[in-house]
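The values are calculated or read from the model by the stated rules, or taken from the named source; none is laboratory data. All values reported here derive from a predicted model rather than from experimental measurement. In this analysis, Cβ positions are derived from the backbone assuming ideal geometry, glycine residues included, and neighbour counts consider all displayed protein chains. Note: areas computed on protein heavy atoms with side chains; ligands, DNA, RNA excluded. Shrake-Rupley method; radii C 1.70, N 1.55, O 1.52, S 1.80 Å.
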Amino acid sequence: MTDAADRPLPTRLLMLGTFAFQPKATMRSRALGIAAALQRRSWDVLIGTTPWDNPVDAGRRWVERGVRVTNTRETRPALWPLAVAEMARWGRAERPELIHVFKPKGFGDLAGRLMRRRTPLVLDMDDWEGNGGWNDVGLYGPLQRRVFDWQERTLPVRARAVTVASRELERRALELGVPAARVHYVPNGLDDERIADLGAARSAAPPGDLDIGPEPRLLLYTRFVEFQPAFVVETLALVRGRVHDARLVIAGASADGGPERELDRLAAGAGLGAAISRLGWIAPEALGGIAMSCALAIHPFDDTRLNRAKCSVKLLELMATGTAIATTRVGENPRYVEHERSGLVVAPGDPSALAAVAVRLLEDPSLRTALGTSARQRVEKHYRWDVLVEPVLDAYAQALGASNGQRGGSLETG
């Protein structure tokens, strides 16, 4: 990392995105987390995005955690030139000294390309977007997939610096031709407010309108892209072979409901339909109470390129609740959760291994408490945005010409 003295003075920063603040996490969890940490250091930050996935936010402006947020009025992908022109128009009116684009994808990418000739641009990569990643699982048409793959392959090398959320994305950036000195490893974090809220909810009950069923409960907090439904059903069957009344509570939903229907079908065939409660999308403030009503959380990831590139905010949030976690050794998961210290980590693709550690946690309350406490402490020490913003500042210094040439990927997270 660079010395603070080598960094630029506080500046005007424009963050550009492609998704709404909800339900996806990139803009709210990552962009806003970084922006709020910068605001506390006297930077002037505006976040601008196109809420095509949540059109009720079209044209809305508000201030959140001290950060100004602006949404384009146009949200329809078919009319993308209007949304991009609008974003670039009010972006230029801000007279930013630096642009940080979140995802080489969609509207924000295109607006950043328009503006980068006059304003230094930093790119953030927090997912594998193109072919082999979200293109393979997202509900996109052929033209969109071609555009997204082109965007991911071409913008990183044009950026002054690149921030990446995982080591897999660091390798991806290097393969795309980005010089190593311009790649800065910045895993996901949580802000102090979110950590405090999740901690305060440790003694709270889940909302009364949620049917989570009797104890003991295992929580699965997911978007249904991380695993195959059959894996979850088999894991639950193996757990119930040892702990007969265990049940699974699922918080979250897929984009189209397909994985949930497949899970329900498989569960019914295995006689497990009554042992699963699906809550769908939950309000962020409900997570703490739901997590603490469950004995533990399982966090299965298949070993895929998409999952290796992920840096799971959901896993961090579970850790911050103080819940004991059983996860799989894929991508950033074992960097967040240290095996036998802040959770239990098993090989991917093995439902018997995940079931075994889940049973171990169900049968050992003291171990659950110790691991949950350690997980929360680890988040508080290493994964707060006020800490993680340091390598972001290195990237900005480099983009503004104030870097001392050191690589910004040496963040210590252990």
### Task
Could you tell me what fraction of 2.2 N^0.38 Å the Cα radius of gyration of region 13-165 comes to, as a two-decimal ratio?
0.95
### Query
All other residues with a Cβ under 10 Å from the Cβ of Val233 taken together, and with Lys, Arg as +1 and Asp, Glu as -1, what is their net charge?
-2
### Task
Could you please report the charge total around Ala347, scoring K, R as +1 and D, E as -1 over all other residues with beta-carbon less than 11 angstrom from its beta-carbon?
-1
### Query
At 222 nm, what helix-only mean residue ellipticity would the chain give, in deg cm²/dmol to the nearest 500, using -39500 (n - 2.57) for each DSSP H run of four or more?
-11500 deg cm²/dmol
### Message
No solvent, one uniform scatterer per C-alpha: report log10 I(q)/I(0) for region 274-339 via the Debye equation at q = 0.14, 0.22, 0.26, 0.27 1/Å, two decimals.
### Response
-0.45, -1.01, -1.21, -1.25
### Task
Quick one: pull the percent of accessible area on the chain belonging to carbon and sulfur, 1.4 Å probe, ligands and nucleic acids left out.
50
### q = 0.09, 0.14 Å⁻¹, region 195-345: log10 I(q)/I(0) [Debye, one scatterer per Cα]
-0.26, -0.65
### Value of Rg to Rh for region 106-156 (Rh from inverse mean 1/r over Cα pairs, i.e. Kirkwood)
1.00
### Task
Please list the non-local residues whose amide H lies under 5 Å from the amide H of Ser166, H modeled 1.01 Å from N, same-chain partners needing a gap of 5 or more.
Val186
### Summary
Residue-normalised value, i.e. accessible area per residue, for region 104-156 at 1.4 Å probe, in Å², stands at 40
### Message
For a Förster distance of 30 Å, can you work out the FRET efficiency between the beta-carbons of Glu340 and Ser277, rounded to the nearest 0.05?
### Response
0.50
### Computed over the chain, the ratio Rg/Rh where both radii use C-alpha atoms and Rh is Kirkwood
0.97
### Volume per residue that the Cα convex hull of region 273-414 spans, once the total is divided by residue count, Å³
144
#### Entry: Rg/Rg_ref, region 20-91, where Rg_ref = 2.2 N^0.38 Å and atoms are Cα
1.10
### Query
By the scheme Lys and Arg +1, Asp and Glu -1, what is the net charge of all other residues having a beta-carbon under 14 Å from that of Arg89?
+1
### Message
Can you divide the C-alpha Rg of region 214-259 by 2.2 N^0.38 Å and report the result to two decimal places?
### Response
1.21
### Query
What's the extension gain from Leu139 to Asp350 if we count 0.36 nm per residue and subtract their Cα-Cα distance?
73.1 nm
